[in-house]
Amino acid sequence: MKDTRSALREISGPLSDFHIKLAGKHGDVWLRAFKKFLRKEDPWPELARVIRDELKVWKTIKLGTGLKTADDFKEAINKKGYLLGDEASSVLCSQDFESEEKEIEVDLVIVPISRLGFSDDVTLDRIHDRAFCGLGLDLCPPEVGPQLLLQYPDQPNDEWLFVAMESIVRPGGSKFEFCVGCHDLRDGRRGLHGDFIEPGLQWASDFKFVFVKPRDKFPVWKTIELGTGLRSTDDFLNALGTARCNTPSEASDILAKPQFEISSKKTEVDLVIASARDLGLTVENPTLGQIYDQAIELCLDICPAEVGPQLRLQYLDQPDGEWLHMAMVPIGGSDSRLHVFSVRKNISVLWLTTESFKDFHSCPRATDRFVFVKPRRD
């Protein structure tokens, strides 16, 4: 029985993480990969090799360079002597094409379809999903298309790059995406073209796409240890008392619940701090579920419950006035509410407390800061 309980504790964190991924935006992709795993097939063919290569940044370009309108881009392209295809010109004039208000840099990578693990022709949706879920890449803002043309003057004559972006719908319902390269049928000049995205269109494995490689928005804030030898609720309460950390009844209650699981072996976890706004959520009152979903979309993980008391014990120099909530699977308390651990310091007193929620649809305060796990890349 003891071994069974230990095994269940080991898988509970990954299992809850997987459940959230299945319920997220790319749940169908994760489900397909899981079915392959159960068949003892590689769920992400060849992606390990790509990840080992660390997807080195190919080119960094600037957006928001002062070109605001379609006419601004057309004039800049014409001055350089580049070709602007009719379809690309129409996309530039679309209301869905926007340029950045302020100058920013974006890091780009080139990924041939074959390196995403596809050997046969494949649809665009699957290409995007594989790049996002398997490699953590982002789609390009539409502005990348014309800016790449303008900032890549030494492009080889035989290179043709498709910009991975949300398709822009032209009048009539046709969808187009940008591509940059030399069109042999149009006087051999480099140019910006619009590629028609026909529903169900299959792409050959030798085509190359440009994606954005996100910069590290969430650097590791703190590394702590789990499985430090504290085996029971009493062990944690005694350690907290020795460290002069206050533990109110609601926190003690959660520590005593069977859902509070303790690592059987010592391991390190890297932690980051992020609020709903840091995660890019713009809704006024995001729910707890939305915050977790968004964090996982950004390649962060929820915390094992043990992170709460371990962080309290290993963060004794916490600044006065700081209050951090653990992004963890909430544990039902004796008050019939869901609780997550919180660590705070108030008037020089260290606390391990909890924040309670009615359910996953509850809305934390917009300024609340959560602690997530940042997975390590093997």
Count of the range 197-231 residues which are exposed (fewer than 13 other Cβ atoms within 10 Å of the Cβ) and in a strand (DSSP E or B):
2
Tell me the strands (runs of 3 or more DSSP E) entirely within the range 262-351 that contain at least 3 residues that are closer than 20 Å to Phe218 by Cβ and touching a residue at least 60 places away in the same chain (Cβ under 8 Å).
267-275
Does Lys358 meet the test of being surrounded by fewer than 17 Cβ atoms within 10 Å (Cβ to Cβ), assigned by TED's automatic domain parsing to the domain that holds Ala274 and out of contact with any His (no Cβ under 7 Å at 6 or more places or on another chain)?
yes
Quick one: Glu105 ticks every box in (1) more than 23 Å from Ile197 (Cα to Cα); (2) over 28 Å from the mean Cα position of the chain (by Cα) bar one, so which box is it?
(2)
Among the residues of the range 106-125, which ones are in contact (Cβ under 8 Å) with a residue 12 or more places away in the chain and either more than 23 Å from Arg190 (Cα to Cα) or part of a helix (DSSP H, G or I) (or both)?
Ile113, Ser114, Arg115, Leu116, Gly117, Phe118, Ser119, Asp120, Asp121, Val122, Thr123, Leu124
Residue count, the range 136-147, condition buried (at least 20 other Cβ atoms within 10 Å of the Cβ) and either farther than 13 Å from Ile168 by Cβ or out of contact with any Phe, Trp or Tyr (no Cβ under 8 Å at 6 or more places or on another chain) (or both), comes to 3
Residue match in the range 39-53 (condition: assigned to a helix (DSSP H, G or I), assigned by TED's automatic domain parsing to the domain that holds Gln151, basic (Lys, Arg) and at pLDDT below 90)
yes
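The values are calculated or read from the model by the stated rules, or taken from the named source; none is laboratory data. Quantities reported herein were computed from a predicted structural model and do not represent experimental measurements. All Cβ positions, glycine included, derive from the backbone under ideal geometry; neighbour counts span all protein chains shown.
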